[in-house]
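Step one of this worksheet: look at the structure below.
The values are calculated or read from the model by the stated rules, or taken from the named source; none is laboratory data. Since this is a predicted model, take the numbers as computed values, not measurements. When we count neighbours, we look across all protein chains shown, and the Cβ atoms used for this are built from the backbone with ideal geometry, even at glycine.
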Amino acid sequence: MLSNIGISLVVSVLILSFLIIYTASLDLKISRQVIKKNIYNLSLFQTTFIVLSFFTLIIGFINSDFSLINVYENSHTSKPLFYKIAGTWGNHEGSLLLWVNILVIFSYLFLVFNHTHDKKFRLYTLIFQNILILGFLFFLLLNSNPFNSIYPIPLEGLGLNPILQDPALAIHPPLLYVGFVGCSIYFSAAMASLLSDYGGKSFAQSIKTWVKISWCFQTLGIIVGSIWAYYELGWGGFWFWDPVENASLLPWFAITALMHSLIVLEKRNTLYYWVIILCLSTFTLSVTGTFLVRSGILNSVHTFASDPSRGIYILLFLSLMIFSALTIFFLKQKKETYNFNLKSRETFILANNWFMAFFLVTVLIGMLYPIFLDVLTNKKISVGPPFFNIVIIPLVIPFVILMAIGPKFGWIKSQIFFFSTIVLVTIGAIVINLLIIYLFGEYSLLSNLIFIAAIFLILYSLLDIKKFIKNKNKNELPRIISHLGFGLLVFFIGINHQFSLEEDFNLKVGEIKKINNYKINFEEIKIKESKNYKAIIGNFKLTNLEKNLVQYLNPEIRVYSNPETLTYEAAIKTKITSDFYLTMSNVSRSDYYNIKFQKKPFMIWIWISALMIALGGFVRLTLKKNED
Amino acid sequence: MKIKFFLLIVYVLTSTSTYSSEKQIKILDVYKNLRCLVCQGQSIADSNSDFAATIKLVVQDQLNEGKTEAEIYKFLTSKYGEWIIYQPTFNKNNFLLWALPYAVLIFGGFIIFLIVRKTKNNKVN
Amino acid sequence: MKISISKIIIFSIVIFFLFVFWRGLKINNNYDTKSLIGNRISNFQLSKIDNSNQYISEEDLKKNTYTLINFFASWCSPCRTEHKYLLNLSNEKKQIKIIGINFKDKKNNALSFLKELGNPYDFVGEDSDGKISILFGIYGIPESILVDSDLTVIKKIVGPIDQIQYNKILKLTQ
């Protein structure tokens, strides 16, 4: 029964999309400046039905209704309620339904909240957004339908991977999708803007809130995913340049560039076509990322179960999207003049875009090159973390410095009458850097530059905070918070990388390993039977020989029965000053255990700084009333 | 004034950085650069598989024999192909991979340069 | 719309990318060591499983027309299923010499395994820590390599030898 309800609701949404496109096209021709009431109603119905369909699926999961294939494949009666619900979007079909939900909800909200803007522009946006909705609905109904039913009804589900039963992982997809899919609305708006000749400042104002919303959620989604990987995947890292991670990073670079360029478009009414290109590219990158991740073309730890037929559908959709975007863009593109003085804020925002483009292209090439090489020459190579680190990290240095001084410039034209401040801050950064070297140890030239640049940005941001406390100019606050967060992030990642202690070794029960000033005692192994798994728990005594402090770390090897999987739970002790990280795995046919031990200084500050970056964005959203 | 400031920075940097010409090979860095062939996207450092354990032994042996990182990678590539190394080598196959990002960087910088220069010329007129 | 060179280039690039994506869907994502075929094996020394003073190396294998090097272990169940094909080869094809390398195993277990299922090997080497397997580009067991008298790899079999692989071996060694 749920299957029928679900499919009916989805088909209703499909019909409504057609109706909306039809009535909106008709209303375009009418010169009255107000949009017909029934279009609003159709959109509201559409939103209601799609949300109801999503709730239908959730109910299926809560009730463990195995007549739905999707529930059968991804759930189990013994799963805790919270994870049953999270299982709704933790699979391909369910997450696709969530995509459509966000597409529809944003479509309605954009319509409703933009009544001060041009009617043709709003109608075209609605039309294009609904074309996107149709595309995804066809994909859902024809290939990836979460409401497909199965008969006879199985008694029990196939259960979900235990690794996926984690709170961070439960909220990570919805956060990320608001980012990924949220950019659809300004893709549609960009197409609409071109067709209705509604550009410039007004266009910027119509989309800027949506850009900020998608940016905030994309940033938060990436951070939460990273936190999950650190605590759950058992390797002590937080970023692996894995294809799925990269797929979420590509739109982030584009949205960040767009967010900054919108400021220029609104303030100086220039860079319109570049903003359009960014709007069109962002959602294109989201769909490309989805294609790469769900089609099975890439090899990754994070992939959904892959299926080439999905790949064909998404590729078709992507092709249609890109070709129509390019065609309309070229048809409507006109010549634009640019007036950029070197010493002006708009030029520095252009520099931000320059670097964002560089980082984006690097990650994109790194991801795609192995595919291209394999298809064209049948050679298989790997492009992994060393490539991304070597290319990107050095360029972070000038980027961070520009982040600090860019906002200091005024619009149109400005003098650098603050050169003395730059000198003072630089000296301050160098001094602090020397202090770090004195206290903790030397490092390479590149690391020196990274630390100095990061501290430069941090000090500048702190000076800005001092200024803010004096003049209470709330407009600057979001930027200060985010830029400070970024500086801190680079700084703490640098410290963490430079001064981490990491060892990989084999130990038997009763043996001791000494690493620098730490002693690790492999005291014993305990077996614990839990509700759905058996755990082999190692008891390790960690002694800090200098300070004579002792703590215990208990990593686990978990043997699950349903489905049969093996997971490794790391023992992580998080403190303000550092994290201790220990994983153990059994060496086959031996009494030895392979142990990976890490001491990671200031690990929690990496999360705090990253969250600060997102916080700046959220502060900006709540300050909506004070426009620039 | 600006030149003196710049020279000061250069002096400070050169006197505080480490330039170890004989780079001490951190074995974990080698593990992180090797791909586990039987896993889905994990390095030898991160993997708990049997294959990873064996590779670790071989790498340890070779380092003890005094081989350099490059020699170890060359050895493993000859046995398993380029796929096993995460850092792509710089050869004519991979030239585009390394060159394109920088090409984009230079191209982008060039465009900004043109825009700014055009503005300056317009002002002069 | 003005047709200009830059627009043609952009459209061409997009078409190229989409084409590669489409073709990319069909390629096999799993790693295989096809790249090894054509390489020569060299620089190895295999100690006898029950007598570490006896060993064979390159020179010994060059005397054979063909050599099949098979990695196995007593704890590996697919190794049991392929064993009969190895026995067939050792009985029928005298120009293929079969070397068995016992991978990460205990000598006694290996010897009882061979006693129970039969010994098709002309020589049984030991590889208790697995390092020898790396020299031959092995990454799992069972895995087998067929080389000629020049020690060039002419076939690599990943996983147990089945009827199809067995026929291919026969064909290659006419």
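See the values below:
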quantity	calculated
Condition met for residue A:477 (surrounded by 13 or more Cβ atoms within 10 Å (Cβ to Cβ) and within 11 Å of chain B (Cβ to nearest Cβ))	no
Those strands (runs of 3 or more DSSP E) lying entirely in region A:532-597 with at least 3 residues over 14 Å from residue A:509 (Cα atoms) and under 32 Å from the mean Cα position of the chain (by Cα)	A:556-561, A:564-569, A:571-574, A:578-586
Verdict on residue A:28 being at pLDDT 95 or above and either touching a Leu at 6+ places or on another chain (Cβ under 7 Å) or more than 21 Å from residue A:196 (Cβ to Cβ) (or both)	no
One residue from A:414, A:461 being assigned to a helix (DSSP H, G or I) and either within 19 Å of residue A:261 (Cα to Cα) or in contact with a helix residue (DSSP H, G or I) (Cβ under 9 Å, 6 or more places away or on another chain) (or both)	A:461
Out of A:228, A:274, A:241, A:235, sole residue that is surrounded by 19 or more Cβ atoms within 10 Å (Cβ to Cβ) and part of a helix (DSSP H, G or I)	A:228
Options A:203, A:253, A:240; residue that is closer than 30 Å to residue A:501 by Cβ and in contact (Cβ under 8 Å) with a residue 60 or more places away in the chain	A:240
Number of the condition not met by residue C:9 [criteria: (1) of a type in the set (Val, Ile, Thr); (2) within 13 Å of another protein chain (Cβ to nearest Cβ); (3) farther than 23 Å from residue C:140 by Cβ; (4) surrounded by 14 or more Cβ atoms within 10 Å (Cβ to Cβ)]	(4)
Exclusive hit being under 30 Å from residue C:27 (Cβ atoms) and either assigned to a loop (DSSP other than H, G, I, E, B) or at pLDDT 90 or above (or both), set A:316, A:342	A:316
Selection status of residue A:316, more than 9 Å from every other protein chain (Cβ to nearest Cβ) and either in contact with a His (Cβ under 9 Å, 6 or more places away or on another chain) or under 30 Å from residue A:198 (Cα atoms) (or both)	yes
Given (1) touching a residue at least 24 places away in the same chain (Cβ under 8 Å); (2) within 14 Å of another protein chain (Cβ to nearest Cβ), number of the condition residue A:609 does not satisfy	(2)
Residue A:519 being surrounded by fewer than 16 Cβ atoms within 10 Å (Cβ to Cβ) and either hydroxyl-bearing (Ser, Thr, Tyr) or touching a strand residue (DSSP E or B) at 6+ places or on another chain (Cβ under 8 Å) (or both)	yes
Pair list, Cβ under 7 Å, 6 or more apart: region A:111-138 residue in the same structural domain as residue A:38 (by TED's automatic domain parsing), other residue surrounded by 18 or more Cβ atoms within 10 Å (Cβ to Cβ) and acidic (Asp, Glu)	A:123/A:27
Criterion (outside the structural domain of residue A:20 (by TED's automatic domain parsing) and not basic (Lys, Arg)) met by exactly one of A:186, A:151	A:186
Criterion: closer than 30 Å to residue A:437 by Cβ, out of contact with any Cys (no Cβ under 6 Å at 6 or more places or on another chain), surrounded by 12 or more Cβ atoms within 10 Å (Cβ to Cβ) and touching a residue at least 12 places away in the same chain (Cβ under 8 Å) - qualifying residue of B:56, B:32	B:32
Of residues in region B:70-88 being touching a residue at least 12 places away in the same chain (Cβ under 8 Å) and under 21 Å from residue C:127 (Cβ atoms), the one farthest from the chain's Cα centre (by Cα)	B:80
Qualifying residue in region A:492-503 (condition: in contact with a strand residue (DSSP E or B) (Cβ under 6 Å, 6 or more places away or on another chain) and either among the acidic types (Asp, Glu) or modelled with pLDDT of 95 or more (or both))	yes
Test: residue in region A:438-445 that is part of a helix (DSSP H, G or I), at the interface with chain B (Cβ under 10 Å from one of its Cβ atoms) and more than 28 Å from residue A:251 (Cβ to Cβ)	yes
Residue in region A:399-413 that is under 30 Å from residue A:270 (Cα atoms), surrounded by fewer than 20 Cβ atoms within 10 Å (Cβ to Cβ) and within 10 Å of chain B (Cβ to nearest Cβ) present	yes
Condition broken by residue B:67, with the remaining ones in (1) farther than 22 Å from residue A:241 by Cα; (2) more than 22 Å from the chain's Cα centre (by Cα); (3) in a loop (DSSP other than H, G, I, E, B) satisfied	(2)
Count of residues meeting criterion [more than 9 Å from every other protein chain (Cβ to nearest Cβ), among the acidic types (Asp, Glu) and surrounded by 17 or more Cβ atoms within 10 Å (Cβ to Cβ)] in region C:99-117	0
Residues of region A:357-387 satisfying the condition of being more than 10 Å from chain B (Cβ to nearest Cβ) and of a type in the set (A, V, I, L, M, F, W, C)	A:367, A:371, A:375, A:376
Qualifying residue in region C:118-129 (condition: in contact (Cβ under 8 Å) with a residue 24 or more places away in the chain, within 14 Å of chain B (Cβ to nearest Cβ) and touching a strand residue (DSSP E or B) at 6+ places or on another chain (Cβ under 9 Å))	yes
Residues of region A:22-44 satisfying the condition of being in contact with a helix residue (DSSP H, G or I) (Cβ under 6 Å, 6 or more places away or on another chain), touching a residue at least 24 places away in the same chain (Cβ under 8 Å) and farther than 11 Å from residue A:120 by Cβ	A:39, A:42, A:43
Yes/no for residue A:323 being more than 14 Å from chain B (Cβ to nearest Cβ), in a helix (DSSP H, G or I), of a type in the set (Phe, Trp, Tyr) and more than 16 Å from the chain's Cα centre (by Cα)	yes
One residue from B:53, B:103 being hydrophobic (A, V, I, L, M, F, W, C) and over 19 Å from the mean Cα position of the chain (by Cα)	B:53
Tally, over region C:12-39, of residues that are at pLDDT 90 or above and surrounded by 11 or more Cβ atoms within 10 Å (Cβ to Cβ)	10
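Matching residues to (1) at pLDDT below 90; (2) at the interface with another protein chain (Cβ under 7 Å from one of its Cβ atoms); (3) more than 25 Å from residue A:271 (Cβ to Cβ):
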site: B:82; (1), (2), (3): yes, yes, yes
site: B:85; (1), (2), (3): no, yes, yes
site: B:90; (1), (2), (3): yes, no, yes
site: B:93; (1), (2), (3): yes, yes, yes
site: B:101; (1), (2), (3): no, yes, no
site: B:106; (1), (2), (3): no, no, no
site: B:110; (1), (2), (3): no, no, no
site: B:121; (1), (2), (3): yes, no, no
